[in-house]
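Inspection log for the structure reproduced underneath, given as structure tokens.
Rule-based calculations on the coordinates, nothing more; no lab input. Quick caveat: nothing in here was measured; it's all calculated off a predicted structure. All Cβ positions, even for glycine, are placed from backbone atoms using ideal geometry, and neighbour counts span all protein chains on display.
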Amino acid sequence: MSVPSETSAASPEVTFTNVGASRWWHRGVFASQTAYVTLALIALIVIMSFASPYFLTQGNLQNVAKNFSFIAIATLGITFVIITGGIDLSVGSLMCFAAMITSMVMTSLSTPGMPLSSLFVHLAADGKTVVANVPGLILIVSVLAGLAVSLVVGLINGACVALLGLSPFVTTLGMLSIVRGLGYVVSNGKGSFPGGPDADYFYALTQGDVYGVPAPFIYLILLALVMALVLHHTAFGRHVFAIGGNEKAAELTGVSVPRVKIEVYVVGALAAGLQGIIISGWLGSAPANMATSYELNVIAAAVIGGANLAGGIGGPLGAIVGCVLLEVIRNGLVLAQVNSYWQQTLVGVIIIAAVLVDRIRARLL
Amino acid sequence: MAAAALPVLELKGLGKQFGAIRALHGVDLTIRPGEVVGLMGDNGAGKSTLVRIIAGNFPPSQGTIHFGGREVHFHRPMDSRSVGIEVVYQDLALANNLTAAANVFLGRELKRNFGPLVLLDHKGMEARALELFRELRSETRPHDLVKDMSGGQRQAVAIARTRLSNAKLVMMDEPTAAISVRQVEQVLSLIHRLKEQGIAVILISHRMPDIFAVCDRVVVMRRGEKKADKPVAETSPEEVTALITGAKEAA
């Protein structure tokens, strides 16, 4: 297998006399919105480190890493949906609902006398202390319960969009309300708290750190690597991009469009559910109004990072960069003692600026 | 017609209604291996409907399709592709945000096993795509994005797709509509090469010279019905034009 080059003139070779090769900076990640938003982020970090002596302290960096990890996992998930040209507005509500289910299941299974609890706990000799039959089992079951409700919500979103042909915006707007409402129904408006013998494991896994690196940040990096592999090196990822680029073409060439669409909504919902469960560990509770309007932060971060709402473009790097940028700005405004009400205004300006700069770049280069 | 080769495709009484609209009515058509059949007709004559039924985009309302001697029922494009029917769509069905190689292999990516993982074989796909582009004499780089490509290159990508599998029938919907004179020559010589390999081709085109250059037979459709089906040697562009417009009722 010989690779043709501009210099080879052998006759059966393809020669590229009229078709120039695009320069490396016009290709791939370098030509994307993600690239210059990353540059902007680096510039911002440099400026911040000069402007505030606290910015680069370990405590502050840990704080930043933790804070952006709290929306970044959900942003990874919604990026799949956005690449197919869809949108998921139900992620904020779902974060809350999944967290609630997880803590309620955990508490319920840890309370002797509740249904099924005898399978998981027994009372110690003193008659008061609750002891787990198998340490960690309750944690696993309750987290799986939270993810299971996310799975169901994702399946319903995906089925409405892919099989019934409803608009993603309307479907997930409805689901935002449905899931938030269900959260109030099951909790009766009260918050729920992770409790029982496994609660300590739960806090260790959500608030803990490994050599100073916050646990949510580690999950984020692992999930981002998996996502990069799935998007760029599997047929599923290829089909996600193809659907966003030209849904009809994907269908005509034999891609199972409904199936891929349902899968992306499930991925988005599972990521949101996991995110919610992690947040509840950090908060120490799952209040009924938790993560209200987080869907907007998540979508904003994805879009700033370069995911295109028209579909076809996006990736894990962009999702994370978008989240980091939002958090660094928030952090910077706090360190600069700017009124925190300005934060939201600035986020809006950045969303528009990022998309605007991309438009200008596309025209100039 | 020589009975030597069994027909690759046989349509009997094919009809299609969309609500109150009769798009296709009572079409019989037989195509043998290595035959190139030109399908002509004015806009709305039912050419595209016919092609889309054969391609499995939607089922016919009446009639039967036999492919390779067996009756077939297509529900999805994959069904027709799996028996050996390839289509080059008029709008080419390309995803602009993907590379040429990715588009060629869309829906049937080459994969490799890495332990438990099944990952895309990027190198294999690019190498094969490059081979196909070379065969088509198209200056197309497999890793370039389709959105940056010229009409001819896009056409090459769409045609390269049909060469991936062992197709028995290739249908081309206006393959020469949007490309340069030199590229038209390439597409026509490609059709010749398909014919030499015994592949049947249905060519939909408005360009009379193309039809008369490569086709063995020309089929004329008008108002959803087949009005003529004769060897090109026995007809003329004037007669075909008259059949298309309805100036001549049937031949």
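How large is the direction-averaged shadow of the alpha-carbon convex hull of segment A:154-240, in nm²?
On the way: hull surface 36.1 nm².
Answer in nm², one decimal: 9.0.
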**Table column - 3J(HN,Hα) (Hz), segment A:338-344, Karplus curve with 6.51, -1.76, 1.60, x for Gly and Pro** = 7, 3, 5, 5, 5, 4, 5
**Complete:** Most fluctuating of A:GLY92, A:GLY276, A:GLY191 in the GNM of chain A (C-alpha, under 10 Å) is A:GLY191
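For a 27 Å ceiling on Cα separation, which of these pairs sit above it: B:LYS16/B:LYS147; B:LYS16/B:LYS248; B:LYS47/B:LYS111; B:LYS147/B:LYS195? The partial results should precede the final answer.
Details: B:LYS16/B:LYS147 35 Å; B:LYS16/B:LYS248 25 Å; B:LYS47/B:LYS111 36 Å; B:LYS147/B:LYS195 31 Å.
As for pairs spanning more than 27 Å Cα to Cα, those are B:LYS16/B:LYS147; B:LYS47/B:LYS111; B:LYS147/B:LYS195.
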**Fill in**
Going residue by residue through segment A:48-63, the Karplus relation 6.51 cos²θ - 1.76 cosθ + 1.60 with θ = phi - 60° gives ³J(HN,Hα) values, rounded to whole Hz and with x marking Gly or Pro, of 4, 5, 7, 6, 10, x, 8, 4, 8, 5, 4, x, 5, 5, 4, 4
**Asked** Which Rg and Dmax, in Å, describe the Cα atoms of segment B:99-165?
**Response** 12.1, 41
**Prompt:** With chain A treated as a Gaussian network of Cα nodes joined by springs under 10 Å, which of A:ALA99, A:ALA291, A:ALA310 yields the largest mean-square fluctuation?
**Reply:** A:ALA310
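When only C-alpha pairs under 8 Å and at least 6 residues apart count, what is the relative contact order of chain A, in percent?
On the way: 592 pairs, mean separation 113.2, N = 365.
Across chain A, relative contact order equals 31 percent.
Can you give the relative contact order of chain B as a percent, counting alpha carbon pairs under 8 Å and 6+ residues apart?
Working: 490 pairs, mean separation 63.9, N = 251.
Contact order relative to length: 25 percent.
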**Fill in**
Charge dipole of segment B:104-169 built from unit charges on the beta carbon (Lys, Arg +1; Asp, Glu -1), centred at mean Cα; most positive-end Cα among B:ILE159, B:LEU120, B:HIS143 is B:ILE159
**Taking the C-alpha atoms of the protein assembly as shown, convex hull volume expressed per residue in Å³** = 214 Å³
**Prompt:** Using the Karplus equation 6.51 cos²θ - 1.76 cosθ + 1.60 (θ = phi - 60°), what ³J(HN,Hα) coupling, rounded to whole Hz, does each residue of segment A:189-198 give in order, writing x for Gly and Pro?
**Reply:** x, 8, x, 10, 10, x, x, x, x, 8
**Asked** At 222 nm, what helix-only mean residue ellipticity would chain B give, in deg cm²/dmol to the nearest 500, using -39500 (n - 2.57) for each DSSP H run of four or more?
**Response** -9000 deg cm²/dmol
**Request:** Would you mind telling me which residue in A:GLY284, A:GLY146, A:GLY77 has the biggest mean-square fluctuation in a Gaussian network model of chain A, where springs connect alpha carbons within a distance under 10 angstrom?
**Result:** A:GLY284
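Using just the Cα positions, wrap chain B in a convex hull and report its mean projected area in square nanometres, one decimal place. Mind dumping the intermediate values first?
Details: hull surface 59.2 nm².
Averaged projected area of chain B's Cα convex hull equals 14.8 nm².
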**Fill in**
For B:GLY38, other-chain or 5+-apart residues with amide H closer than 5 Å (H placed, Pro excluded) are B:LEU203, B:ASP216, B:ARG217, B:VAL218, B:VAL219
**Request:** Amide H neighbours of B:ARG222 under 5 Å, at least 5 residues apart or on other chains, H built in the peptide plane: list them.
**Result:** B:LYS227
**Item:** Tilt relative to chain A, helix A:235-245 - C-alpha long axis, 0 to 90 degrees, to 10
**Value:** 70 degrees
**Request:** Please work out the Cα convex hull volume for chain A and give it in Å³ per residue.
**Result:** 199 Å³
